[in-house]
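A quick write-up on the structure given underneath.
Bear in mind these aren't lab numbers, they're just calculated from the coordinates by the rules spelled out. Source: prediction; values computed, not measured. Neighbour counts are summed over all protein chains in view; Cβ atoms, including those assigned to glycine, are modelled from backbone coordinates with ideal geometry.
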Amino acid sequence: MQNTTLEVSTHLAEVYSTVKGAVYQSDSEKCWYVDFAGKMAKFDYRNILKLKKAIYAIDIEEILLNSSKTADVEIVFICACEHCYVLTLLEIISFKELLEGTFVMLSLNQILHDRLYRIAA
Amino acid sequence: MKDIIRVKSLISADVETLLNQQIKKEAQSSSAYLSMASWCDRNGFDNSAEYFFKQAEEERQHQLKFYRYVLDMGGTALSPEVTNVKIEYNSFREIFEEALDQEISVTQSIKNIAARCHKEQDYVTVEFLNWFFKEQREEEYKARRALELFDLIGEEGTGRWEIDKHVGKIHYGNEAGE
């Protein structure tokens, strides 16, 4: 297990992290590793967009105001993706924060690429 | 760190969302025209029914054009759900008033996408949208001319029959003033 972690850390670049989790990018595999809710899950381009959509679509305010006796647990299932998350309300808030930060960083990375390599000075 | 997102998709998430909204708008537009064709046919306005059948088909083509563009650019095109299609209209004139309103709304909506594209310097999509701007020129012209027939001919007597006869003849040339 330790070896895997070590191997993973050598080819992964951290995109964004919070105290609750982190997202890493693998350039060689063209994918992202999401470290959250006690597991490291791999997402390709299509799936990370689906994950973003699924998490952003959760109405946090509605869950907060909901006084029914149902459990405050949300099951996030992404079509054609092997991962599934069962998240509490607090986890949803942290996950959303993590993903928002991640996508801001990915946009920033795009701006940097444009400025440094794509647009002639 | 590689820029994977840009490699996979030419358009931004925001532009993709706007284009998907436009796909839905075109689909709604096509259904509305079909409904207008149905009303006209039921009430004996054969030429107008034919005119709206053609319009419905055109809107469908527009929808597919947007749909294929989103896919070509690496985005996810969403097949829209069309609900609340009107079945009954109060008058022959009301149909043409709604048709013009609909075209104006489509033009405004495409202008809104173009404004967003200019903001993020997405000139590729702007170039794609230019075809639609030219198309909207024709669509609005035709809808406006059809409505003007009501004022020119008048609805009294055989007026509506006369209007129906002229609707099919409305034509817009390729260039302004033709």
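What percentages, rounded to whole numbers, describe P(r) for region B:37-142 computed over all alpha carbon pairs with 5 Å bin width beginning at zero?
Over region B:37-142, the share of Cα pairs per 5 Å bin runs 2, 10, 17, 21, 18, 13, 8, 6, 3, 1 percent.
What shape does region B:81-178 have by the C-alpha gyration tensor, where a ≥ b ≥ c are the square roots of the eigenvalues, rounded means a/c under 1.5, and otherwise prolate means a/b greater than b/c and oblate the rest? Working shown, then result.
On the way: a/c = 3.58, a/b = 1.80, b/c = 1.98.
Here region B:81-178 falls in the oblate category.
Would you mind checking the tilt of helix B:46-72 against the longest principal axis of the Cα atoms of chain B, expressed as 0 to 90 degrees and rounded to 10?
Between helix and principal axis, roughly 0 degrees.
Binning at 10 angstrom from zero up to the longest distance, how are the C-alpha pair distances of region B:84-132 distributed in percent?
Answer for region B:84-132: a P(r) of 23, 34, 22, 17, 3 percent.
What number does region A:2-118 give for Rg over Rh if you use C-alpha atoms and the Kirkwood radius? Walk me through the numbers before you get to the answer.
On the way: Rg = 15.7 Å, Rh = 15.5 Å.
Looking at region A:2-118, the ratio lands at 1.01.
State, as an integer percentage, the relative contact order of region A:2-118 based on alpha-carbon contacts under 8 Å between residues 6 or more apart.
Numbers: 125 pairs, mean separation 24.9, N = 117.
In percent, rounded to a whole number, it is 21.
Quantify how much of the Cα-Cα distance distribution of chain B extends past 24 Å, in percent. Write down the numbers at each step before the final one.
Working: 6796 of 15753 pairs.
Of all Cα-Cα distances in chain B, 43 percent exceed 24 Å.
Could you work out the relative contact order of chain B? I mean the mean sequence separation of Cα pairs under 8 Å and 6+ apart, divided by the number of residues, in percent. Before the final figure, lay out each step's value.
Values: 170 pairs, mean separation 45.4, N = 178.
Across chain B, relative contact order equals 26 percent.
Evaluate peptide A:12-18: per residue, the Cβ atoms of other protein chains within 10 Å of its Cβ; return the mean as an integer. Don't skip to the end; give the middle numbers.
Values: counts 1, 2, 1, 1, 0, 0, 0.
Across A:12-18, the average partner-chain Cβ count within 10 Å equals 1.
Under a straight-distance cross-link criterion of Cα-Cα below 26 Å, which lysines are reachable from B:Lys165, leaving out those fewer than 8 residues away in the same chain?
B:Lys54, B:Lys86, B:Lys142
What is the set of long-range amide H partners of A:Asp72 at a cut-off below 5 Å, with H atoms built 1.01 Å from backbone N?
Amide H neighbours of A:Asp72: none.
For chain B, what does -39500 (n - 2.57) per DSSP helix run (n ≥ 4), summed and divided by total residues, give at 222 nm, in deg cm²/dmol to the nearest 500?
Numbers: 6 runs with 130 residues, N = 178.
The helix-only estimate for chain B comes to -25500 deg cm²/dmol at 222 nm.
Taking the Cα atoms of region A:18-73 alone, what are Rg (to one decimal) and Dmax (as a whole number) in Å?
14.6, 47
To the nearest 0.05, what FRET efficiency results for B:Lys165 and B:Phe133 with a Förster distance of 30 Å applied to their C-beta separation?
Numbers: r = 31 Å, r/R0 = 1.04.
For R0 = 30 Å, the calculated efficiency reads 0.45.
Lysines within cross-link reach of A:Lys42: Cα-Cα under 29 Å, excluding same-chain residues under 8 positions apart?
Reachable lysines: A:Lys20, A:Lys30, A:Lys50, A:Lys52, A:Lys53, A:Lys96, B:Lys2, B:Lys8.
Tell me the GluC sites (Glu not before Pro) within region B:74-106 that lie in a loop according to DSSP and have at most 16 other beta-carbon atoms within 10 Å. Please list the in-between numbers first.
On the way: sites: B:Glu81, B:Glu88, B:Glu94, B:Glu97, B:Glu98, B:Glu103; in loops: B:Glu81, B:Glu88.
When the GluC sites (Glu not before Pro) of region B:74-106 are filtered for loop state and at most 16 Cβ neighbours within 10 Å, B:Glu81, B:Glu88 remain.
Rounded if a/c is under 1.5, else prolate if a/b is larger than b/c, else oblate: which is the protein assembly as shown, with a ≥ b ≥ c the root eigenvalues of its Cα gyration tensor? Working shown, then result.
On the way: a/c = 3.69, a/b = 2.11, b/c = 1.75.
Note, shape of the protein assembly as shown comes out prolate.
Could you work out the mean count of beta carbons from other protein chains within 10 Å of each residue's beta carbon in B:3-14?
Values: counts 12, 13, 9, 7, 3, 5, 2, 0, 0, 2, 5, 0.
Per residue, the number of nearby Cβ atoms from other chains is 5 on average.
Can you list which of the DSSP-assigned H helices in chain A have a Cα extent of 18 Å or more along the long axis and an average Kyte-Doolittle score of at least 0.5? Could the numbers behind the result be given before it?
On the way: long enough: A:89-113 (36 Å, 0.98).
Going by DSSP H runs, the hits are A:89-113.
Report the GluC sites (Glu not before Pro) located in region A:5-101 that are in a DSSP loop and have at most 15 other Cβ atoms inside 10 Å of their Cβ, or state none. Please list the in-between numbers first.
Details: sites: A:Glu7, A:Glu14, A:Glu29, A:Glu61, A:Glu62, A:Glu74, A:Glu82, A:Glu91, A:Glu97, A:Glu100; in loops: A:Glu29, A:Glu82.
The qualifying sites are A:Glu29, A:Glu82.
Using just the helices of chain A, give the 222 nm mean residue ellipticity in deg cm²/dmol: DSSP H runs with n ≥ 4 each add -39,500 (n - 2.57), and the total is spread over all residues, rounded to 500. If you can, show how the numbers build up before the last one.
Values: 4 runs with 53 residues, N = 121.
-14000 deg cm²/dmol, from helical runs alone.
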